[in-house]
Amino acid sequence: MPKFTSEAALDEWFGYHPPTSDAVREAHETVRTKCRELAQALSDLLPECPDKTVALRAVRTVMHEANACIAIEQRVYDPEPAR
């Protein structure tokens, strides 16, 4: 059976991608800050119930996925990384 996902893709997805520039670090921080603001607004607005927990976990998942996008595609922020 052929592999659907390559070893290279797994390495890319699960590897550590340290920030290559201040622009990348700032992008990560912006995502964390905005997600924290949204989480706080939802926490203040929503009643205490299991659905509130799900909503807050979804914001956390968004933060993780957005930061993964930045980490993996950081050449967008830093086209000429330091060598």
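Quick note: the coordinates plus some simple rules give every number you see, no bench work behind them. The model shown is predicted, which means the values in this text are computed figures rather than measured ones. Every residue, glycine among them, receives a Cβ derived from its backbone with ideal geometry; neighbour counts consider all protein chains shown.
Computed values, structure above
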item: Rg/Rg_ref, region 21-76, where Rg_ref = 2.2 N^0.38 Å and atoms are Cα; result: 1.30
item: Using alpha-carbon coordinates, inclination of helix 22-45 to the longest axis of the chain, degrees; result: 20
item: Of Tyr77, Ala41, Ala8, farthest towards positive along the dipole that unit charges on Lys, Arg, Asp, Glu beta carbons give the chain; result: Ala41
item: Per-residue [θ]222 nm for the chain (sum of -39500 (n - 2.57) over DSSP H runs n ≥ 4, rounded to 500); result: -22500 deg cm²/dmol
item: On Cα atoms only, tilt of 50-72 relative to the major axis of the chain in degrees; result: 20
item: Segment Val62-Glu26, length gained on full extension (0.36 nm per residue, minus Cα span); result: 11.2 nm
item: Assigned charges on the beta-carbon of Lys, Arg, Asp, Glu; region 24-66 dipole about Cα centre (debye); result: 120
item: Loop-resident sites, region 1-73, for chymotrypsin sites (Phe, Trp or Tyr not before Pro), counting at most 11 other Cβ within 10 Å (DSSP); result: Phe4, Tyr16
